[in-house]
Amino acid sequence: MTDLLAIGTRKGLWLARSEDDRRSWTLDGPHLLAQEVAAVSVDTRGPVPRVLAGIQYGHWGPTVMRSDDLGRSWQETEAGAIRFPEDTGAALARVWQLRPDSTDRPGVVWAGCEPHSLWRSEDSGCTFELVRGLWEHPHRPTWEPGGGGGAVHTVLPDPASERVLVAMSTGGVYVSEDAGGSWTPRNKGITASFLPGELPEYGQCVHKVAVDTGDPDRLYAQNHFGVFATDDAGISWRSIADGLPADFGFPVVSSPRTPGTAWVVPLVADMERVPPGGRLRVHRTRDGGASWTELADGLPDASWSAVMRDAACADEGDPTGVYVGTRDGCVYASADEGDSFTTVAAHLPDVLVVRAARLP
Amino acid sequence: MTAEVVLPGVLADLAGGDKHLAVDVGAGTLRDVLDRLDERHPLLGRRIRDETGAVRRFVNVYVDGDDVRFGQGLATPVADGAVVQVLPSVAGG
């Protein structure tokens, strides 16, 4: 068994491997050197693992690269894997999310992109089709870009139904119950302190959403101010920020194994956006957000660097592994649900995304 | 009638390693030249222009030494024997 950790940075991709149940790691890279890798996925559903990377060449534009040999070689769809149809008049600016669907839907991969758009592939990420239902939503012209741009950055397909959830900065949470055909905003209870007046139907700046493994209707959301949970698939949200040192942050990660368990990485806000006191800490709940525990073992006491929305993830191991990467190029791994961390990498470029996979 | 397209080294691999390409000028505009370049080398074409056909923001194209952004853009005339040079702009970090 090999544990693989894909680390996407502002200047390329690194692949870390562990052959001893995540006790030690070997770093391989850079791959795709000098290219920004803001989205990565490791798709283990096929005969060989496929790594997809949403890259930005900088001068030469964005695209999706794929590797079926763990980074030794890369392929690119000639016409572009993600290409806006001519009638939209739009051009792809950035790939923010690559999300393989369930094993029951082989070949299906979702992509969230900038400008605000959702894409679906049926050929394992070689080509994607624009999800028109979201693109043509009447709200779309009023979705504002967040600081990083206006994008669909979270895509959560439900393996047991036709439900697909997306989250956008800004725009908020939208849910389709018919595989992307129609969409409704689901932000009731999510605050938006940067907007005047009553709580809006949409327009919230949701940084990340995660699904509880025990209940597909229970979701956790880390917002631009506020940490929230819902037990009814987003129809109503409640704050679960009590017990955290700050309610700002970017990632939220749920356990794929243990119901009620999730992790966040709080930052002081609004303007500082650094770990409280300069101490990088992960906070874990085991009771669906009713209480939080600060996790410090193996994390630095002098770290003034943020963790981006996709720079945290969990693995499928037992116990669950947890990973965080920082903007100062450090990556920390835990093989015990966050109780203790080891350093996988340091001095990489800004870490934008980490994704873990177990390879047979 | 052809123009000489000059590529930066980082793009030459997408044109079979050639930094200098003879490209038919078609009806005689930069758009025609880039369209023909797309047909021959689609990956190269996507590095220079996005799917709307616009030259990417941080790519500069010069026709006989003049930046087309300050001229007629894609409608810039390209005569037989003209030099079309593609360069990355000063950007990044």
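Quick one: which of A:328-336, A:269-277 comes out on top by average Cβ neighbours within 10 Å, and what's the full order, highest first? Walk me through the intermediate numbers first.
On the way: A:328-336: 22.0, A:269-277: 15.1.
The densest-packed peptide leads the list: A:328-336, A:269-277.
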Three-way shape label, chain B, alpha-carbon gyration tensor, a/c 1.5: rounded
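If you place +1 on the Cβ of every Lys and Arg, -1 on the Cβ of every Asp and Glu, and leave all else neutral, what size is the dipole of chain B about its Cα centre, to the nearest 20 Debye?
Value, rounded to 20: 340 debye.
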Dmax and Rg, reported as Rg then Dmax, of the range A:77-193 (C-alpha, Å): 13.7, 45
DSSP-assigned coil residues among trypsin sites (Lys or Arg not before Pro) in the range A:37-102, each with at most 16 further Cβ atoms within 10 Å: A:R72
Most fluctuating residue given options A:T26, A:T184, A:T261, as computed from a GNM of chain A linking Cα atoms under 10 Å: A:T26
Globularity index of the protein assembly as shown, i.e. its alpha-carbon radius of gyration over 2.2 N^0.38 Å: 1.02
14 Å beta-carbon shell around A:A246, net charge (K/R +1, D/E -1): -2
Estimated [θ] at 222 nm from DSSP helical runs (n ≥ 4, -39500 (n - 2.57)) normalised by residues in chain A, nearest 500: 0 deg cm²/dmol
Long-range HN-HN contacts of A:S303 with modeled amide H, under 5 Å: A:R279, A:L280
Shielding score for B:79-91, defined as the mean number of other chain Cβ atoms within 10 Å: 1
P(r) of the range A:136-218 over all Cα-Cα pairs, binned every 10 Å from zero, in whole percent: 18, 51, 27, 4
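If we sort A:313-325, B:46-58 on the protection proxy, mean other Cβ atoms within 10 Å, highest first, what's the order? Don't skip to the answer; put the middle values down first.
Details: A:313-325: 22.2, B:46-58: 18.2.
Peptide ranking by packing, descending: A:313-325, B:46-58.
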Spatially proximal lysines relative to A:K11 (Cα-Cα < 30 Å; intrachain offsets below 8 disregarded): A:K208, B:K19
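Give me the mean projected area, in nm² to one decimal, of the convex hull enclosing the Cα positions of the range A:172-260.
6.1
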Dipole moment magnitude, nearest 20 debye, the range A:2-359 about Cα centre, only Lys, Arg, Asp, Glu C-beta charged: 560
For A:53-62, mean number of other protein chain Cβ atoms within 10 Å: 5
Environment charge at A:W183 (Cβ cut-off 14 Å; Lys +1, Arg +1, Asp -1, Glu -1): 0
Taking only Cα atoms of the range A:42-110, radius of gyration then Dmax in Å: 13.2, 39
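I'd like to compare A:138-151, A:214-227, A:279-292: which one has the highest average count of other Cβ atoms within 10 Å, and what's the full order after that?
Highest mean packing first, the order is A:214-227, A:279-292, A:138-151.
Values in this text are rule-based calculations from the coordinates and carry no lab data. Predicted, not measured: the structure shown is a model, and the values here were computed from it. Backbone-built Cβ (ideal geometry, glycine too); neighbour counts: all protein chains shown.
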